[in-house]
1. So, in the stretch 264-280, how many residues would count as being of a type outside the set (Gly, Ala, Ser), open to solvent by 20 Å² or more (accessible area, probe 1.4 Å) and under 26 Å from the mean Cα position of the chain (by Cα)?
2. Output the residue which, of all residues in the stretch 27-57 that are among the charged types (D, E, K, R) and more than 20 Å from the chain's Cα centre (by Cα), is farthest from Lys429 (Cα to Cα).
3. Taking Ser311 as the residue in question, decide whether it is in contact with a Phe, Trp or Tyr (Cβ under 9 Å, 6 or more places away or on another chain) and open to solvent by 20 Å² or more (accessible area, probe 1.4 Å).
4. Just wondering, is there one or more residues in the stretch 368-389 that are more than 30 Å from the chain's Cα centre (by Cα), under 17 Å from Asp320 (Cβ atoms) and assigned to a loop (DSSP other than H, G, I, E, B)?
5. Consider only pairs whose beta carbons are under 6 Å apart and that are at least six residues apart or on different chains; among these, list those whose first residue lies in the stretch 66-77 and is part of a loop (DSSP other than H, G, I, E, B) and whose second residue is crowded, with 18+ Cβ neighbours inside 10 Å and among the polar types (S, T, N, Q).
6. If I go through the stretch 230-263 residue by residue, how many of them are open to solvent by 40 Å² or more (accessible area, probe 1.4 Å) and not β-branched (Val, Ile, Thr)?
7. Residue check: is Tyr394 within 23 Å of Gly624 (Cβ to Cβ), in contact with a Leu (Cβ under 9 Å, 6 or more places away or on another chain) and crowded, with 18+ Cβ neighbours inside 10 Å?
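The values are calculated or read from the model by the stated rules, or taken from the named source; none is laboratory data. Bear in mind that the values here come from a model prediction, so they are computed numbers and not experimental data. For neighbour counting, all protein chains shown are included, and Cβ atoms are generated from backbone atoms with ideal geometry for every residue, glycine included. Heads up: the accessible areas ignore ligands, DNA and RNA and are worked out on the full protein's heavy atoms, side chains in. Shrake-Rupley method; radii C 1.70, N 1.55, O 1.52, S 1.80 Å.
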Amino acid sequence: MVLLVILALPLATSSAPAQTTYMEPDSGLVKIVDAQLAPWISISPDCRYWALRTPLRHPSIAELAREELKLAGLRFSPATYAPTRRTRYIGIELMEYPGLEVHSVSGLPDNLRSLSFRWSADGAKLAMTNETSEGVELWVLDAEKAESRRILGPHVSLAAYEMPLWLPDGSGLVCCTVPEERSGPPGEDPVPAGPVIRETFGEEAPVRTLQDLLEDPHDKDLFEYYLTSQLSIVRLDGTVERIGRPGMIWAYLPSPNGEYLLVERLHRPFSYSVNAWRFPTTIEVWDMEGNVVLELADLPLREEIPIARGSTYKGPRSVDWRSNTDATLCWVEALDEGDAGSEAELRDRVFSLQAPFDSEPRQLMDLEYRFGGIDWGNDSLALVSEWWWVNRRYRTWRIRPGRDRCRPELVLDYVWEDRYNHPGNPLRKRNDRGHLVLVVSADGGSIYLQGRGASPEGNRPFLDRLDLATLQKERLFRSRPPFYEQPIRLVDDSYTELLLRRESPEQYPNYYVRNLENDTESQVTFFENPFTQLQGMHKELLTYARGDGIELSAMLYLPPGYDPGEGPLPLIMWAYPQEYRSSAAASQVSGSPYEFDYLDWWSPLIWLTRGYAVLENPAMPIVGEGDRKPNDDFVPQLVMSARAAVDKVVDMGVADPDRIVISGHSYGAFMTANLLAHSDLFCAGIARTGAYNRTLTPFGFQSEDRSLWEATDVYVEMSPFMNADSIEEPILLIHGEEDRNSGTFPMQSERMYEALKGLGGTARLVMLPLEGHWYEARESVLHVVWETQQWLDEYASQGRF
């Protein structure tokens, strides 16, 4: 049995490391963690069939204990070549639309563990991968017959995280397979051949703190061995056609006409400083026999990218097919050497090159900001987007790719942190070749925009039609209280029927189709609420101001049956700081009082069942206006926001000021430790998977793009580790031992605990074996809930129950 390592003061009888088995909380909390959610939906391109997929919510710790390789930022199973720590699906049904008949799928494998699903362009078939103990298989589901069959045995390689893709005509799938007749993996000589040497020769190469990097020559050999695969076509009858020779296939994509493949291959030299996404990469176009038709680029090792937000590498990037033509490449190249910190009039240039790829590339557009993507419509319509971090600005331009020397037309221009004025994002769909294209009105003159619809009343999602000639918008749909309704897609050819997802605090999310012309609707799914424990709870959107006048908001939850006459409750505050460039944007309301609230181990709302009040997501804006960076005043702004939230719930009479617990995950854990160090607002803290010493992330973190040596005081003052002697309240530290998130390596919690121990603080450290940044195993998450329950009972009292 895997044992937890717990370091504790003072709940354990000794401060020495203690080992214990996994514990479980009260049965009511176990029931919440084990509740089965509604299936996840995957809809065919023509909307005729809906795949209802059942995810495995919490695998066993035994599944996490399977052998795992961690190489150059990748984690995968050496036995199956499948990525680890990814959702597996354990069941699938098919629903017909509009008839709504639900069919069991015949022929499914026993002990289904599917990693991916992909509809064919015509919506008639659904491909899926299935992991077995021997490897990953490829299966195809016939939607009309609701039948499945295996078309390839356990030979699919997903080590590079690239899933099988349909050919445009649906005749087969392209995927990576494990090379045949290969020998075993390279062994490691226990006797070293010499030291591991790294050198630098005067060029700046700042890199953010990364985990799972290659560490020695044997790691390099293992990486090359497991990433080497054979690109193949698997036909529906199970025939396998090899394409080219084996190589380190990093990415692949069939052209819309199915005659070419865009292929990216990695090659040596590898690096000990960056992950595989920056390794040398050859970008080529192949024909379907594997012959190289075009070598677009051979990118070198990319270690020298500046840390300024928006920086990138030199050479072609964002290489893709133009989705509405037969075989036209499109890509972007930096005009500023990739350095977002440098002065430049132009940042990027967009290129295209049409098959047979023997002419000079065509320049489509130059950009003042960094390239953000292209959405293709037709020869007279494509949308090119650009963004810039410093001013948080996002712009979208219309180009006419079928014309030469056509001036771009500005379509959208907004500041993305200004949520109230966000225009929404262009609606897209898959065309008859399976590629994403813009949804364009029948007359070709309008596109559709969908957005969250932030407002002072909370988010109210919308769907607009935008006239491209006048840039006037027509509101087609907006979510109406007391529901939270999200537009999903237009389901008919006339674009009058909108699929939406509706929910409320008491109503589990379900799908509806609304006719936009006559405002009638029909319900499509009938999922039931598995979380009846919170029926009757009180949910309220609060607004209030902090000391400097910035307006803040939070969501308050009170337990079912609570009567204000009972007096104030112990309260759990769960938060996460956010940086802004303007006070106006920081003052905007986020979230919605009409959303359904899911429950699981990670949600503070489970403690409503134990009689606690919960203040979820109280705004913690960190604002830097003008020449000031947000983090220049991180601590005072953080404390000011927390104080305003505490004052609000105390003044309302719902929270006992002596029993308020601050808590958070990742950057929220960092916030928790800082608030305990710099204020006396809270009786205790719960910090999960955080980073506490910013000198261990010297080349930036979160939105901070200055290095430790450029902003030494900021790094030190923001680090709760440096102020551990000021933490007088008890803090529960929880961390996954296999955390690979940038900056939050497990040592952060271990060092924080040792500091508190050495200074005589009250702390408990729980290190979860095999867990990453987000905890997965049922045993682990139940133990986290148990630890939290014990901590709350000890330091905040359990309230009414």
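1. So the count comes out to 6.
2. Taking the stretch 27-57 as the starting set, the residues that turn out to be among the charged types (D, E, K, R) are 31, 34, 46, 48, 53, 57.
Filter again for more than 20 Å from the chain's Cα centre (by Cα), leaving 31, 34, 46, 48.
Working: Lys31: 39, Asp34: 35, Asp46: 10, Arg48: 14 Å.
Top of the filtered list is Lys31.
3. On the way: in contact with a Phe, Trp or Tyr (Cβ under 9 Å, 6 or more places away or on another chain): no; open to solvent by 20 Å² or more (accessible area, probe 1.4 Å): yes.
No, not satisfied.
4. Scanning the stretch 368-389, I find no residue that is more than 30 Å from the chain's Cα centre (by Cα), under 17 Å from Asp320 (Cβ atoms) and assigned to a loop (DSSP other than H, G, I, E, B), so the answer is no.
5. Glu68/Thr84; Ala72/Asn275; Gly73/Asn275; Ser77/Thr84
6. Residues meeting the conditions: 9.
7. Values: within 23 Å of Gly624 (Cβ to Cβ): yes; in contact with a Leu (Cβ under 9 Å, 6 or more places away or on another chain): yes; crowded, with 18+ Cβ neighbours inside 10 Å: yes.
It is true that Tyr394 is within 23 Å of Gly624 (Cβ to Cβ), in contact with a Leu (Cβ under 9 Å, 6 or more places away or on another chain) and crowded, with 18+ Cβ neighbours inside 10 Å.
Per-residue answers, yes or no, for (1) in contact with a Leu (Cβ under 6 Å, 6 or more places away or on another chain); (2) in contact (Cβ under 8 Å) with a residue 60 or more places away in the chain; (3) in a loop (DSSP other than H, G, I, E, B):
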residue	(1), (2), (3)
Ser663	no, yes, no
Gly668	no, yes, no
Met671	no, yes, no
Ala677	no, no, no
Gly685	yes, no, no
Tyr692	no, yes, yes
Phe699	no, yes, yes
Leu708	no, no, yes
